[in-house]
Amino acid sequence: MKLSTVVFSIAVALSGGARAAAQGPAGGADAPGEEPPSPNVIFTEVGGPGVFGSVGYERLVAPWLSLRGGVGGFVVSFSFFGRESTSAYVTFPLTVSALIGLGAPEVAAEVGVSAVPVVPANLLGAGSIGIRYRQAGDGMVLRVGYTPLFVIASEGGQGFAGHWGGVLLGKSFR
């Protein structure tokens, strides 16, 4: 849990710089003839905080801040002394990310934190460091990131769950 607090603090600290980078030299005005990015995105993600995959919705609430929610899942199957066991889980990743411009208006670094309720009875946390490409207007969104997972609450206790990553592909719209 401490690492997710640190990641969130970093995201909040960077958001001030991200806001300045997003505003650019004209104080937030777009370049003449440049279409701003659409604030809504529907997406599918392989890996990421949804564990093995998820589908969801993202909203840019500011040029430097995104909120993302989705639904995903995974199945765990194992055998122990000839006894087979399979369990299915549904995940609900909820993510807050700060976006930091990297010079080109379509490319941004992303730092975020996720809370991931897992049904039937766990809570995961995830940090997120990645890079995204977003076409102007109603276009494609591509994100690649590193997403370490942490168990926040479960019957087995708390701790680091593992190194993870994800690839998001989506479509923005107004």
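The table for this structure:
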read-out: Candidates Val46, Val96 - the one that is exposed (fewer than 15 other Cβ atoms within 10 Å of the Cβ), within 12 Å of the chain's Cα centre (by Cα) and modelled with pLDDT of 95 or more; value: Val46
read-out: Residue in region 78-91 that is under 28 Å from Gly157 (Cα atoms), within 16 Å of the chain's Cα centre (by Cα) and modelled with pLDDT of 80 or more present; value: yes
read-out: Of residues in region 137-161 being under 13 Å from Ala108 (Cβ atoms) and of a type in the set (A, V, I, L, M), the one surrounded by the most Cβ atoms within 10 Å (Cβ to Cβ); value: Val141
read-out: Breaking point among (1) part of a loop (DSSP other than H, G, I, E, B); (2) in contact (Cβ under 8 Å) with a residue 60 or more places away in the chain, for Ser128; value: (1)
read-out: Count of region 104-130 residues which are closer than 17 Å to Tyr57 by Cβ and surrounded by fewer than 18 Cβ atoms within 10 Å (Cβ to Cβ); value: 2
read-out: Condition met for Ser128 (of a type outside the set (Lys, Arg) and under 21 Å from Gly73 (Cβ atoms)); value: yes
read-out: Residue within region 162-169 that is surrounded by fewer than 18 Cβ atoms within 10 Å (Cβ to Cβ), at positive phi and part of a strand (DSSP E or B) present; value: yes
read-out: Which listed residue is in a strand (DSSP E or B), in contact (Cβ under 8 Å) with a residue 60 or more places away in the chain and either among the basic types (Lys, Arg) or touching a strand residue (DSSP E or B) at 6+ places or on another chain (Cβ under 7 Å) (or both), from Ala88, Ala98; value: Ala98
read-out: Breaking point among (1) assigned to a loop (DSSP other than H, G, I, E, B); (2) of a type outside the set (A, V, I, L, M, F, W, C); (3) at pLDDT 95 or above, for Gly145; value: (1)
read-out: Residue satisfying condition, being surrounded by fewer than 22 Cβ atoms within 10 Å (Cβ to Cβ) and over 20 Å from Pro39 (Cβ atoms), within set Gly82, Gly101; value: Gly82
read-out: Only listed residue being within 16 Å of Leu67 (Cβ to Cβ) and either more than 12 Å from the chain's Cα centre (by Cα) or assigned to a strand (DSSP E or B) (or both), chosen from Ala109, Ala115; value: Ala115
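The values are calculated or read from the model by the stated rules, or taken from the named source; none is laboratory data. If you're wondering where the values come from, they're calculated on a predicted model, not measured in any experiment. Note: ideal-geometry Cβ built from the backbone for every residue, glycine included; neighbour counts use all protein chains shown.
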